[in-house]
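What follows is one structure encoded as C-alpha cells, with my remarks underneath.
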C-alpha cells in the first residue's frame, strides 16, 4: 500500500471473457514464450493449480490447443507440447506465401488512417523490444502486426487461419537465438509494408509482403 | 517480512477499447504518439477535450475510457494520448522535456480533424494536469480552456518542500512510471533500509532497467523544463484537495493566474488527497470507486461534475450562473464560496509553543522567559513518516503513534469547547539550533480526537543553516478544516520524517548519494522575544457560518 497506486487496480467492468478462453490464451502464450521445456507433458490438475482455475476450463483449453497443433497426444495418451515436423513447417510456409500477399493487397484497398496507425504503434513497441533484447515481446508484436492486416478490414476467417499457421512457426522457432540485425531487418520490412498500405496501394502491399516472407522465412 | 532482491513486477497495459479509434499522431520531429479518439453517437463535429498522460490512456489506473464515455454522453469528443516515451508512444522516456511542443502539435492535429468543432479544452490530474500548463504555454490558438487537478504549473512544488527533496513521492513515481526500457510499467515495494538512498529504486529494479528523472529531481537539477511560467491567458478551473501534497503550489498557480486578469480563474478545493479519496469521519469505511460498476458510475459523477459547467461555459458559450472565484469544502463541514483565498472573513490566529524538551502546550500567550527545548536527531533511527505519500486518506494513519518518541516535540491545545474552522494558510516560525552545519525541521499539524487518535491536517518541512540559532518559517500550506468540540489541535516538531524526506546526515555528506552520518543535538527556542509560534487562519463562527 505504499505505492503510487492505491490498490492493485481492478476493472470496474468485470472481465467477461469465459474462463476456458482465458486459460487457452494464457496457456498458448506460456507455451509459445518457451516457458515449458520441449517435450513437457501437461496435466490438467497441474495447469489448473498454476492458473488458479478448475480442471474443466483447462480440459477445454487443451482440446483447442490439440486442435491447433500446439499440443499433441503423447505415447501414453498424456498431453505434450507438439514438435511440428519439417514437412508441416514447409506447408505452413507455402500457405503463408500464398495467403498473406493477398490479405495485404485486399487490406490496402480499404485500410484507413487509424487502421494503418495501429500497425505503426505495433512497430514502435517492436523497435523498443529489439533495443531491450526482449525477444518474446518482439515476436508478440510480430504476431500482432501480421494478424492486424486481415483483422483491420474484417477478414476474421483469414485472421484465424493465419493465427493458427503462425502458432506452429512460433512453436518451431522457440529455440532460435535471434540476431539484432535480423530483427532490425524484419522491422524495416514491416515498415515497407506499412507505407504501401498507407498509400492504399494493393500491388505495392502484396509485393512488400511477398518480399518480406521470402526474405524472412519463417517470419 | 522477506524483502526480495528485485521486487518489481511488470504491470500489463490495458487493451484499447472498441469505442476508441487509435491513431499514431506525428509530432514535428517525426516521433509518433499513441492517441485514442472517442466521439459521441450523435452529430459530426464536437468541441474536444484532450488529456495527455503517462499512465496508460487505455488502462484502469486512470480509467480514461470511462471518463471519455462520460464526456461523449455530454456532447464532447475526447482525445487521450500516451505522452512521449510512455506505453504505446514512441520517443525517449523522459518527463517534461517535450510536453510544450508535443502539446502544441497534438492540439494542432486535433484542430485539423473533420470532427473538431473548433475549441479544445484539456483536463487531467497531477502530471496530466501539468501537461495542460505545458500545452497552454505553447500558445496554440485552438486551446481554449484548462481544468488542471492536483498540480501546479511549477513541478518543483511536487519534487521539493522548501528545498527539501520529496523523496518518497519522487522515488515511487520514478519506479512506477519513468523506466528507461519503456516496454513495461512496474509495481512493487521499495526497501527503504538500503543505503545510500539513491540505490533504493535501482535495487528494486534489479539494476536494469534504470529509472529516469530521479537523480535529477533529487539534486534539484530539473531546472526550467519542469516550471511553466503562469500567464493566466486561458480560462482555467483549478481543482485541488486539502490533503494533496501539491496544494500549496496549486493555490499559488491560481493566484498568479487570477492576478493577470486576462481570463476567468476558478479555484475549487475539496477535502480530498492527491487521488480522489475524501476525508471521512472515524469509523466510516473507505469506498473503493472500482469496487463495482454502480460505485464507479456514481464516483465519476462526483469526480467529473465540477468540470461540466466550466467546459460548457468556455467551449460551448453556455451560461454558468453559479460560477464563483473560490469554492471550497471545509473538512467535516459544508461547501462554501468566497471571493478570494483565504476567505476575506478569515483572520490569522497565533499560538505559542510553551513547555520544554518534553513538549508542552499551545497557548495564545507566550512565556516571558526564553528557554530551549532539546532533542537528539539520530540518522540511524529517523522518525517514521506515517502518512501515505500520495493517498493519505485511503487508510489514514493514527499520528499519535510517533508522539511518544523522545525526538518528537508535541505541543497541543486544551480540548476545544466550540468548533473551530481553520480556513487559510498556516505556518510555524521558530529559532532553531543544531550541532551540525545544517539541519532539517519537520512540522505536522494534527487533530487529536477525544479517544487520543491523531489525524494529520497539514505538514511542512524546511532546512536551516548557521549562524545558530537560525530563524525558520515552516510553511504548512492551506486547509479548510473543522476541529470539533472535544478535539485538540496538536503541533509536532521533528528533524526527520522518513522516507518521505531524505535523512539529514548530521554531517556535510550528500544525503542522497552518500551515507556518512552522525547524530546531532537540536534545539528550538520557546518563550521570550524569539518564541516559537504557530499561525493559522481561522474563520469566525465555526459550524454556524452561512
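General remarks:
- Odd one out for residue B:44 among (1) more than 28 Å from the chain's Cα centre (by Cα); (2) surrounded by 22 or more Cβ atoms within 10 Å (Cβ to Cβ): (2)
- Conditions (1) without any contact (Cβ under 8 Å) to a residue 24 or more places away in the chain; (2) more than 10 Å from every other protein chain (Cβ to nearest Cβ); (3) touching a strand residue (DSSP E or B) at 6+ places or on another chain (Cβ under 9 Å); number of the one not met by residue B:30: (3)
- Single unsatisfied condition, residue A:50 versus (1) modelled with pLDDT under 90; (2) assigned to a loop (DSSP other than H, G, I, E, B): (2)
- Residue tally, condition in a loop (DSSP other than H, G, I, E, B) and more than 14 Å from chain A (Cβ to nearest Cβ), over the range B:256-284: 11
- Scanning the range A:170-185 for residues that are surrounded by fewer than 20 Cβ atoms within 10 Å (Cβ to Cβ), touching a residue at least 40 places away in the same chain (Cβ under 8 Å) and part of a helix (DSSP H, G or I) yields A:172, A:180, A:184.
- Scanning the range B:506-527 for residues that are buried (at least 20 other Cβ atoms within 10 Å of the Cβ) and under 27 Å from the mean Cα position of the chain (by Cα) gives a single hit, B:511.
- Verdict on residue B:119 being surrounded by fewer than 20 Cβ atoms within 10 Å (Cβ to Cβ) and part of a strand (DSSP E or B): yes
- Being in a loop (DSSP other than H, G, I, E, B), closer than 23 Å to residue B:124 by Cβ and in the same structural domain as residue B:256 (by TED's automatic domain parsing) is a condition met by at least one residue of the range B:300-315.
- Of all the residues in the range A:3-35, those that are away from every other protein chain (no Cβ under 14 Å), modelled with pLDDT under 90 and in contact with a helix residue (DSSP H, G or I) (Cβ under 7 Å, 6 or more places away or on another chain) number 2.
- Only one of the numbered conditions (1) closer than 17 Å to residue B:131 by Cβ; (2) without any contact (Cβ under 8 Å) to a residue 40 or more places away in the chain is violated by residue B:40, and that is (1).
- Matching residues, the range B:307-326, being more than 18 Å from residue B:50 (Cβ to Cβ) and surrounded by fewer than 19 Cβ atoms within 10 Å (Cβ to Cβ): B:309, B:317, B:318, B:319, B:320, B:321, B:322, B:323, B:324, B:325
Every residue, every condition in (1) in a helix (DSSP H, G or I); (2) more than 14 Å from every other protein chain (Cβ to nearest Cβ); (3) over 18 Å from the mean Cα position of the chain (by Cα); (4) closer than 23 Å to residue A:202 by Cβ, yes or no:
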site	(1), (2), (3), (4)
A:77	no, yes, yes, no
A:124	yes, no, no, no
A:130	yes, no, no, no
A:136	yes, no, no, no
A:149	yes, yes, no, yes
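- If the condition is being more than 18 Å from the chain's Cα centre (by Cα), surrounded by fewer than 20 Cβ atoms within 10 Å (Cβ to Cβ) and not in a helix (DSSP H, G or I), then the range A:82-122 contributes A:85, A:112.
- From the list B:166, B:136, the one residue that fits, being within 14 Å of another protein chain (Cβ to nearest Cβ) and at pLDDT 95 or above, is B:166.
- Flag for residue B:318 being touching a strand residue (DSSP E or B) at 6+ places or on another chain (Cβ under 7 Å) and not in a helix (DSSP H, G or I): no
- Selected residue (only one of A:212, A:148 is farther than 19 Å from residue A:89 by Cα, buried (at least 18 other Cβ atoms within 10 Å of the Cβ) and touching a helix residue (DSSP H, G or I) at 6+ places or on another chain (Cβ under 9 Å)): A:148
- Taken as a whole, the condition of being touching a strand residue (DSSP E or B) at 6+ places or on another chain (Cβ under 7 Å), crowded, with 20+ Cβ neighbours inside 10 Å and at pLDDT 95 or above applies to residue B:102.
- Total residues in the range B:169-197, condition buried (at least 22 other Cβ atoms within 10 Å of the Cβ) and more than 12 Å from chain A (Cβ to nearest Cβ): 1
- Filter result for the condition that a residue is surrounded by fewer than 24 Cβ atoms within 10 Å (Cβ to Cβ) and under 17 Å from residue B:325 (Cβ atoms), over B:271, B:259, B:236: B:259
- Condition broken by residue B:295, with the remaining ones in (1) more than 27 Å from residue B:157 (Cα to Cα); (2) touching a residue at least 24 places away in the same chain (Cβ under 8 Å) satisfied: (2)
The values are calculated or read from the model by the stated rules, or taken from the named source; none is laboratory data. It should be emphasised that the depicted structure is a prediction, and the values quoted were computed from it without experimental measurement. No Cβ is skipped: glycine too gets one built from the backbone with ideal geometry, and neighbour counts run over all protein chains shown.
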